[in-house]
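J.: Sharing a structure here in structure tokens format.
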Amino acid sequence: MRGEGFLLCVFFYLLLFSLFVLITDYLSHNDTAEVTDSTIWEAFKAVMRGNIIAYEAKLNKDKKKKLTEITGL
């Protein structure tokens, strides 16, 4: 049986991969000659912040659902 360290490595790998995909997708759509680097950076920070908030909301929702299933409430 694999330990918690292995699962943590898999989690971080998936997290890094999803961030890589998000960044690559963002830059492929927004890094154009008409847009300044500072605008790209400010918008990128907003996009990342929104994705992090959405991810945290999903984690909290899943945690509450699991807790409800366990307690039967």
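J.: Yes or no: T71 at pLDDT 95 or above and not hydrophobic (A, V, I, L, M, F, W, C)? Before the answer, list the steps.
T.: Details: at pLDDT 95 or above: no; not hydrophobic (A, V, I, L, M, F, W, C): yes.
Considered against the rule, which asks whether it is at pLDDT 95 or above and not hydrophobic (A, V, I, L, M, F, W, C), T71 comes out as no.
J.: Quickly run through region 5-27 and pick out the residues that are farther than 21 Å from Y55 by Cβ and not aromatic (F, W, Y).
T.: Initially, region 5-27 is screened for residues farther than 21 Å from Y55 by Cβ, giving 5-6.
Scanning region 5-27 gives a single hit, G5.
J.: Please go through region 33-53 and pick out each residue that is charged (D, E, K, R) and over 19 Å from the mean Cα position of the chain (by Cα). Steps first, please.
T.: Initial filter on region 33-53 (charged (D, E, K, R)): 34, 37, 42, 45, 49.
Within region 33-53, E34, D37 meet the criteria.
J.: Is there any pair linking a residue in region 45-73 that is free of Cβ contacts under 8 Å to residues at least 40 places away in the same chain to one that is of a type in the set (S, T, Y) and surrounded by 10 or more Cβ atoms within 10 Å (Cβ to Cβ), with Cβ under 6 Å and at least six apart or on different chains, and which?
T.: Correct list of pairs: V47/Y26.
J.: Can you give me the number of residues within region 26-44 that are acidic (D, E) and either in contact (Cβ under 8 Å) with a residue 12 or more places away in the chain or surrounded by fewer than 10 Cβ atoms within 10 Å (Cβ to Cβ) (or both)?
T.: As a first pass, look at region 26-44 and keep what is acidic (D, E): 31, 34, 37, 42.
If we keep only those that are either in contact (Cβ under 8 Å) with a residue 12 or more places away in the chain or surrounded by fewer than 10 Cβ atoms within 10 Å (Cβ to Cβ) (or both) as well, we get 34, 37.
Result for region 26-44: 2.
J.: Mind listing just one residue for me: the one in region 45-73 that is among the polar types (S, T, N, Q) and closer than 20 Å to F11 by Cβ and, of those, surrounded by the fewest Cβ atoms within 10 Å (Cβ to Cβ)?
T.: Keep residues of region 45-73 that are among the polar types (S, T, N, Q), which gives 51, 60, 68, 71.
When the remaining residues are screened for being closer than 20 Å to F11 by Cβ, the result is 51, 60.
Values: N51: 14, N60: 10.
Taking the candidates together, the pick is N60.
The values are calculated or read from the model by the stated rules, or taken from the named source; none is laboratory data. All values reported here derive from a predicted model rather than from experimental measurement. Cβ: placed from backbone, ideal geometry, glycine included. Neighbour counts: every protein chain shown.
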